[in-house]
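Before any comments, here is the structure.
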Amino acid sequence: MSIYWIARNTFLEAVRQRFFNFLLILGLLMTALSLALSGFDFGGNELKFVADFGFGGLFLFGSILAVVMTVQLFFAEIDNRTAITLLAKPVSRFEFVVGKFAGIALLLAVFVALMALLLGIVLALRQPVLAAIAEQRGSLAPYFSLSGLALFAVLQWIRLLIVAAMTFFFTSFAQTYLYAVVVSFCGLLIAQLQYVLQDVAAGDKTGTFAKIAAGTIAQCVPNLQLFNLGPQLTLDAAGVPAGTVLAAAGYGCVWAGILIFLAFAFFRSREM
Amino acid sequence: MKTAVLKISKLLAVLAILAGTGICLNFAFAGDLWLRLRSRMPETSAASLADTAGTGMALGTLGGFRTVLADIAWLRAYSFWEKSSLNDCEALCALARTMDPQNFFFWENSINYVAYDFPNWVIRERGGWRQVSEAVQAEIHRRAYARGLELVGEWSQRFPESGHVWTYAAQMCIVKTAVIYGRSDFESALQFYERAMLCEKAPWFAFLAYANITRMQLPERRERSRDFLRERLSAAGTPERLAVIEDALEILSAE
């Protein structure tokens, strides 16, 4: 029950913040305006251009939200001493961490759902128009799958959960707000480019030390590119096998779980 | 001392848990999953980070917006093209292709730059067409042609069903070999046309150009070309395609 109340308060506190509303409005505006910018595309598929804008906005603003809000909400509890009051009651540190994380997860779910909904509306409205134009020209009509977009939104939410869990982990031992934010963004960048480390570790031209270092780091961070299935899920008629989507989702959940466990382990011994 | 040991052992434990998770997941399914997914994703390799502007690639992979960033990279490449800045133009063209490899326009125009514009820029940089000897000019064009063919190979991997890629190669072969050797290599051009005609989406003009070039430039090859077209006749598929191949066979039969 404590987890529910902590999650609920975390979510409500986050929703009331200007930063969340600002990012949400910015993301929604960008998705809506992508149609106006589609003339800027060089001979590509207009639907792909609009979708790419939406996918980009979803991950970029979602990541900023996941990192900044996690750090801000955590440090607000520490700085305002509300964490001490809360933990003095029969609330365990485990419940505190899980509750906070659940609140952030709910916040990210709302953000992803709203962004995906608008993107879905824009794509669904534009697709028949482009299909008619393609038919007139005798070319292939662009494909769009609403269920594919919904699946992609779920995968993006899981990806953002990993980012939030990673931020929670760094925040659990960080002493300052700035340190937690900077380190979390660095972690995000490494996780996004994890495949490059894999390549370096497997490369023939790399030195032994570089191979070991790259290989070790590559194993210690999740590969966030595994969730980059937007164009395949939404714009490709061939789609993606259900097993692949489930595997990616499972991968994300395991990583988020492990990172939250580590965050709890550090937070347990943290002096308040 | 005790605190330091504790800190180090804590760090090692965290690293062990993280690495253990990564190894287990990779071993169980994530390794295979990534290999399968990677083949369907835009080029994501360490080589592309090194060859192209790393910042652009990092931005592209970090924030999505691949199509948009590819367009921006292309605009920047175009501004360098206007200034005849070869290295910058080539790097940004490569970046645009890397970020959005499914864009036909980027491939076609990159090869236009590489095969037709860049060699002329190099000659101009070395003093101009009167200063640079014909042999050196031919060598510069030969290298540009070779690079162009390399890019055609990569382009065809991205668009395996498109016959346009190979008709482009055939036309480039005719133009560039004329510049390099003083005479077009029609035999190689016809081979490129044959590859185009084997594609599912072979353009109709590939058949007609093939027949016309054989008839006018390599009449001794007529029988071979006729056999090839007859083979395509059996795999024509649509009545329109059938009519085009019959037209091409008629061109070959004309004196």
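The table below lists the values:
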| item | result |
| --- | --- |
| Which listed residue is more than 30 Å from A:Pro241 (Cα to Cα), assigned to a helix (DSSP H, G or I) and either at pLDDT 65 or above or among the small types (Gly, Ala, Ser) (or both), from B:Leu33, B:Leu37, B:Leu15 | B:Leu15 |
| Test: residue in segment A:83-96 that is touching a residue at least 40 places away in the same chain (Cβ under 8 Å), in a helix (DSSP H, G or I) and within 14 Å of chain B (Cβ to nearest Cβ) | no |
| So A:Ala248, is it over 30 Å from A:Ala124 (Cβ atoms), crowded, with 19+ Cβ neighbours inside 10 Å and either at the interface with chain B (Cβ under 9 Å from one of its Cβ atoms) or of a type outside the set (Lys, Arg) (or both) | no |
| Segment A:177-209 - residue that is away from chain B (no Cβ under 11 Å), hydroxyl-bearing (Ser, Thr, Tyr) and touching a residue at least 24 places away in the same chain (Cβ under 8 Å) and, of those, nearest to A:Ile64 (Cα to Cα) | A:Ser184 |
| Where A:Thr171 falls short, out of the listed (1) assigned to a helix (DSSP H, G or I); (2) modelled with pLDDT of 85 or more; (3) touching a Leu at 6+ places or on another chain (Cβ under 9 Å) | (3) |
| Neighbours by Cβ (under 9 Å, 6+ apart or cross-chain): first from segment A:20-40, closer than 19 Å to A:Ala124 by Cβ and within 12 Å of chain B (Cβ to nearest Cβ); second surrounded by fewer than 17 Cβ atoms within 10 Å (Cβ to Cβ) and not small (Gly, Ala, Ser) | A:Gly27/A:Leu114 |
| Among residues of segment A:18-50, those that are surrounded by fewer than 17 Cβ atoms within 10 Å (Cβ to Cβ) and under 23 Å from the mean Cα position of the chain (by Cα), counted | 9 |
| Close pairs from segment A:98-111: first more than 15 Å from A:Gln17 (Cβ to Cβ) and without any contact (Cβ under 8 Å) to a residue 40 or more places away in the chain, partner aliphatic (A, V, I, L, M) and assigned to a helix (DSSP H, G or I), Cβ under 8 Å, at least 6 apart | none |
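Here's the yes/no breakdown for (1) surrounded by fewer than 19 Cβ atoms within 10 Å (Cβ to Cβ); (2) at pLDDT below 90; (3) within 10 Å of chain B (Cβ to nearest Cβ); (4) under 24 Å from the mean Cα position of the chain (by Cα):
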| position | (1), (2), (3), (4) |
| --- | --- |
| A:Lys211 | yes, yes, no, no |
| A:Gly230 | no, yes, yes, yes |
| A:Leu233 | no, yes, no, yes |
| A:Ala238 | yes, yes, yes, no |
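The values are calculated or read from the model by the stated rules, or taken from the named source; none is laboratory data. Since this is a predicted model, take the numbers as computed values, not measurements. Quick reminder, even Gly has a Cβ in these numbers, built from the backbone with ideal geometry, and neighbours come from all protein chains shown.
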